[in-house]
1. Using just the helices of the chain, give the 222 nm mean residue ellipticity in deg cm²/dmol: DSSP H runs with n ≥ 4 each add -39,500 (n - 2.57), and the total is spread over all residues, rounded to 500.
2. In a Debye calculation with equal point scatterers on the alpha-carbon sites of the stretch 78-152 and no solvent, what is log10 I(q)/I(0) at q = 0.16, 0.23, 0.25 Å⁻¹?
3. For the chain, set up a GNM with springs between Cα atoms under 10 Å and report which of 92, 121, 51 has the largest fluctuation.
4. For the stretch 42-126, compute Rh as the Kirkwood radius over C-alpha pairs and then the Stokes-Einstein diffusion coefficient at 20 °C and 1.002 mPa s; write the answer in µm²/s, rounded to an integer.
5. Give the dimensionless ratio obtained when the Cα radius of gyration of the chain is divided by 2.2 N^0.38 Å.
6. If you count, for each residue, the other Cβ atoms within 10 Å and average over each peptide, how do 108-120, 65-77 line up from highest to lowest?
C-alpha cells in the first residue's frame, strides 16, 4: 500500500474545501493504522452501537471511543471536546469513524476547530449505507471492505 504521506495527500485532495484535513477510505484508514503508530482511530458512535454491533479490531493504543451523541435520546455529548483531548494528542493523525460517515464528518470538523490539524473522516463508516432492503454492511464501510472487526 501507499506510504502514510501518499495516503494523507490523497485524502486531502479528496475533500477540498472541507472544514477538516480530508477523507480516507476504510482500506486507507486500516493501512494507516498498520503503518504509523501516530495514527489514532476515534470511534464516535454511541457506546450502545459499539457494544451491540461491533468495532474495528485494531490495537487498543490506536483506538479510542468518544461518543458524538448519547444513547438513548441522541443528545449531543457535552463532554466531546474534553474526551477527545484525553483520547488523542493534537499532533496525532486522527481518523474519525461512525456508522455511515455522517457523525464522523462533524467530529473531524470540531476536532479541527479544537486545533487538531490532521483530523480525517473515514468515508462510509463502520457499517455503510443501507441497501435496497434496509440492511447495512452490504453497500460500503469497514465491514463490507472485509477489514478486521470484533462482533458484539
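1. Details: 5 runs with 47 residues, N = 152.
Counting only the DSSP helices, I get -9000 deg cm²/dmol.
2. Result of the Debye calculation: -0.62, -0.97, -1.05.
3. 51
4. Values: Rh = 12.7 Å.
It diffuses with D of about 169 µm²/s by this estimate.
5. 0.96
6. Top to bottom by mean Cβ count within 10 Å: 108-120, 65-77.
The numbers here are math on the coordinates, done by the rules we state, and not lab data. No experiment lies behind these values; they were computed from the predicted model shown. Methodologically, a virtual Cβ is constructed for each residue, glycine included, from the backbone with ideal geometry; neighbour enumeration extends over all protein chains shown.
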